[in-house]
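Undergrad: Sending over a structure as structure tokens; questions will come in a sec.
What follows is calculated from the coordinates using simple rules that are stated; it is not laboratory data. On a predicted model such as this, the values are computed, not experimentally measured, just so you know. Don't worry about glycine lacking a Cβ; one is built from the backbone with ideal geometry, like all the others, and counts go over all protein chains shown.
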Amino acid sequence: MWITLFITTTLCFSMSRAGDLTDFCENVLDECRKSESWIGCYEDRIMTCKTGRFMTGIKQLKVDSLQEVDVSPTFEHRVHIPSSALQESIGNVSEVEVLVVASVINSSYFKLSPPQNSRRLLGGLEVFRDSVVCVRAGSRAVKNLSQPITLTFKHNKEVESGTCVFWKETSAKDGTGYWSNEGCDTNYTAHEFICSCKRQRFFAVLVNPGISVTKADADKLNYITYIGSGLSAPFALISLFIYIYLHRRHPEKSISLHMQLTVAMFCLHLTFLLSSLLAQLLKEKEDSSSCLVLGLVLHWSLLATLTWSALEGFHLYLLLIRVFNIYVRRYLLKLSLIGWGFPTLVAAVCGISRVYGKYTLNYSNSNLTQHMCWISDKSEQKLLVVSHITTVAFPFFVVVFNACMLGLVVFKIWELRRGDRSFGSSSDWKKINKERKKRLWKDCVTVLGLSCVLGLPWGLASTTYVSLPGIYVFTVLNSLQGLFIFLWSVALAWSNSQTANNSSIRDSSSQKMMTTSFNSRN
């Protein structure tokens with residue numbers, strides 16, 4: 001008899017518990033998702049569901065409507081509701097207590113309307129950490145609040161900016177909608193996004209997502225950088241000897257400029273290898289004097305490389321635009337004062353300001369770090385000013401100026417081709433012979449070689465903010481700059497030898513550009 005009673009009691013208890021489980025808040029989303037218009041169902045059900053003792057992602061509080069309230073559904077999200085908003089949420093009802101609910105759900109549940117039916121939103125923005133905060137208070141959702149609700153989203157500096165938005169359903173009543181920033185203000189601090197919105201509903205922060213770099217990608221990029229710089233340093237040194245040899249045979253201004261650029265580039269790659277190695281060995285000794293010196297020399301080398309690239313572009317401008325009357329007294333001496341004096345002055349000022357030291361590079365959306373002796377990150381304000389002026393604004397100016405100079409080179413080559421009758425008209429392009437293909441190849445080599453001399457690969461830094469392949473392309477091309485300079489020196493040596501050995505050969509436009517204009521004599 002007691003066995004039958006026990007089984008019956010157990011079954012009844014189990015059935016009652018099964019029925020109660022459907023009322024738990026953790027099951028509300030799955031239940032409401034079965035219908036197309038699930039948002040209204042979810043908003044109603046979370047006001048009446050039961051929260052478990054250890055349940056995360058949702059908070060229910062009964063508070064005094066005459067007092068403001070703070071609710072934290074997770075450690076990363078906080079909601080502040082002023083008393084005026086609580087009173088407006090209960091309307092004219094004379095209730096003292098009001099139920100406040102805040103929950104966090106995944107953004108993948110929100111179905112964007114057809115013009116935006118992609119996880120990536122307008123302008124390439126996406127929901128920050130895929131987190132959407134739902135806020136409900138009282139018996140009805142209210143918009144146009146007299147005082148805004150404040151929502152806080154914590155971040156770890158993985159993004160630089162964001163926009164606070166709320167979910168707005170379409171009139172189709174099919175569960176679709178879009179993100180709108182109407183009535184929401186955004187404040188960005190060092191550790192938080194602070195959203196002020198005059199309504200209740202679903203809120204999120206749209207951000208421009210950082211590029212995720214895995215450990216495997218970070219290791220590959222490190223190998224590429226170290227191998228590339230390890231090749232560039234000796235090849236730059238070999239290029240220097242080639243230029244010295246060419247300069248002794250034919251003293252030319254352009255060769256002298258190439259020599260200066262090659263010295264700066266050799267110092268850059270060598271110092272980069274040493275600074276990276278020393279930073280790994282120092283570990284926590286951030287204030288090491290050796291790291292400070294290497295950081296200064298590395299910064300100086302980078303500025304010198306960029307300055308001499310700009311002077312190469314300036315020299316090209318004189319040759320192509322001001323063809324006549326370009327004599328400048330002590331021209332090379334004045335260029336050297338700028339090419340070496342400007343980087344030295346900047347590095348000296350930065351050194352006196354003690355901005356150099358150990359720098360830690362944090363890869364976006366990961367916990368991976370890379371150390372090097374560079375501009376110290378201990379002082380964020382100094383780092384921001386120095387890095388933006390000397391490693392962003394200055395390279396941008398150099399790349400833009402030299403890109404214009406390269407465009408002039410291409411235009412001049414095209415003009416020379418037009419004036420060369422042996423090259424033929426555009427109608428003969430399909431019947432181009434072997435000689436014309438050879439000339440075209442020389443033209444391409446000239447343009448590519450000048451691109452390296454003018455430092456245009458630095459302009460690819462902009463691609464590192466767009467995609468991971470952009471980071472790879474930038475790393476490969478810039479770590480191998482010394483090798484490219486070596487190939488250009490070999491091409492110049494070959495061009496000079498061809499001109500000396502066979503002066504009867506008719507020069508093509510690219511040959512003229514390399515041996516006549518670009519290598520003008522003193």
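Undergrad: Simple spin-label model, 7 Å along Cα-to-Cβ: LEU345 to LEU468 in nm?
TA: Distance between label points: 4.5 nm.
Undergrad: With Kirkwood's inverse mean 1/r over C-alpha pairs for Rh, give me the Rg to Rh ratio of segment 171-289, two decimals please.
TA: So for segment 171-289, dividing Rg by the Kirkwood Rh gives 1.31.
Undergrad: Roughly how many debye, to the nearest 20, is the charge dipole of segment 137-247 about its Cα centre, given +1 on each Lys and Arg Cβ, -1 on each Asp and Glu Cβ, and no other charges?
TA: In total the dipole reaches around 500 debye.
Undergrad: On to the next question. Provide the gained length on full extension for the span LEU440 to VAL400, in nm with one decimal, where the gain is 0.36 nm per separating residue minus the Cα-Cα distance.
TA: Extra length from LEU440 to VAL400 when fully extended: 11.8 nm.
Undergrad: Are any of the pairs LYS34/LYS59; LYS157/LYS220; LYS50/LYS157 more than 31 Å apart by Cα-Cα distance, and if so, which? Kindly include the intermediate steps, with their values, before the conclusion.
TA: Details: LYS34/LYS59 24 Å; LYS157/LYS220 24 Å; LYS50/LYS157 36 Å.
Listed pairs above 31 Å: LYS50/LYS157.
Undergrad: I'd like the Kirkwood hydrodynamic radius of segment 217-275, using the inverse of the mean 1/r over distinct C-alpha pairs, in Å.
TA: 12.4 Å
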